[in-house]
Amino acid sequence: MANSKSARKRVDTNERNRVRNSAYKASVRTSIKKVQSLVLTKASAEDVQVAVQAAQSLIDRAVSKKLYKPNKGARDKSRLVGFVARNAEAV
């Protein structure tokens with residue numbers, strides 16, 4: 001356990017940030033799954049497009065907050081758009 005007063009404060013701050021960051025990462029994963037489910041249920045193209053834009057926005061924000069490394073953000077967005085493109089042809 002932390003010995004000094006400032007170290008104890010950092011423990012509290014780190015825990016608060018860890019919870020906040022994990023919640024944000026979960027929302028990013030949820031938005032990606034939402035896009036995938038919309039595509040697989042053959043939702044309208046407009047709904048899919050809105051969901052893709054929202055997911056990309058969340059990914060970009062996670063990269064800017066340094067929750068994701070830039071390459072992971074680019075990879076996730078690329079996979080998402082590729083998934084939509086591959087499955088849109090089947091519709």
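Does LYS72 fit the bill of being surrounded by 12 or more Cβ atoms within 10 Å (Cβ to Cβ), in a helix (DSSP H, G or I) and not hydrophobic (A, V, I, L, M, F, W, C)? When the stated conditions are applied, LYS72 passes them. When GLN49, GLN56 are checked against the criterion of being in a helix (DSSP H, G or I), polar (S, T, N, Q) and touching a Lys or Arg at 6+ places or on another chain (Cβ under 9 Å), a single residue qualifies: GLN56. If the condition is being hydrophobic (A, V, I, L, M, F, W, C) and surrounded by 11 or more Cβ atoms within 10 Å (Cβ to Cβ), then region 8-22 contributes only VAL11.
The set of residues in region 59-69 that are in a loop (DSSP other than H, G, I, E, B) and either surrounded by 13 or more Cβ atoms within 10 Å (Cβ to Cβ) or in contact with a Cys (Cβ under 7 Å, 6 or more places away or on another chain) (or both) comprises LEU67, TYR68. Of all residue pairs spaced 6 or more apart or on separate chains, those with beta-carbon atoms under 6 Å, a first member in region 1-27 that is free of Cβ contacts under 8 Å to residues at least 40 places away in the same chain and a second member that is of a type in the set (Gly, Ala, Ser) are ARG8/ALA2; VAL11/ALA2.
Does ALA54 meet the test of being within 12 Å of the chain's Cα centre (by Cα) and loosely packed, with under 11 Cβ neighbours inside 10 Å? No.
Candidates in region 29-46 are the residues that are surrounded by 14 or more Cβ atoms within 10 Å (Cβ to Cβ), among the aliphatic types (A, V, I, L, M) and in contact (Cβ under 8 Å) with a residue 40 or more places away in the chain; of these, the one that is nearest to ASN87 (Cα to Cα) is VAL39. Does LYS25 meet the test of being basic (Lys, Arg), buried (at least 17 other Cβ atoms within 10 Å of the Cβ) and either assigned to a helix (DSSP H, G or I) or touching a Phe, Trp or Tyr at 6+ places or on another chain (Cβ under 7 Å) (or both)? Against the criterion (basic (Lys, Arg), buried (at least 17 other Cβ atoms within 10 Å of the Cβ) and either assigned to a helix (DSSP H, G or I) or touching a Phe, Trp or Tyr at 6+ places or on another chain (Cβ under 7 Å) (or both)), LYS25 does not qualify.
Every residue, every condition in (1) within 15 Å of TYR68 (Cβ to Cβ); (2) at pLDDT 95 or above; (3) among the β-branched types (Val, Ile, Thr), yes or no:
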{"position": "ARG8", "(1), (2), (3)": "no, no, no"}
{"position": "VAL19", "(1), (2), (3)": "no, yes, yes"}
{"position": "SER22", "(1), (2), (3)": "yes, yes, no"}
{"position": "LYS25", "(1), (2), (3)": "yes, yes, no"}
{"position": "ILE32", "(1), (2), (3)": "yes, yes, yes"}
{"position": "SER37", "(1), (2), (3)": "no, no, no"}
{"position": "THR41", "(1), (2), (3)": "no, no, yes"}
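The values are calculated or read from the model by the stated rules, or taken from the named source; none is laboratory data. Note that the structure is predicted; figures quoted are calculated from it, not measured. Because the Cβ atoms are built from the backbone with ideal geometry, glycine has one as well, and the counts that use them run over all protein chains shown.
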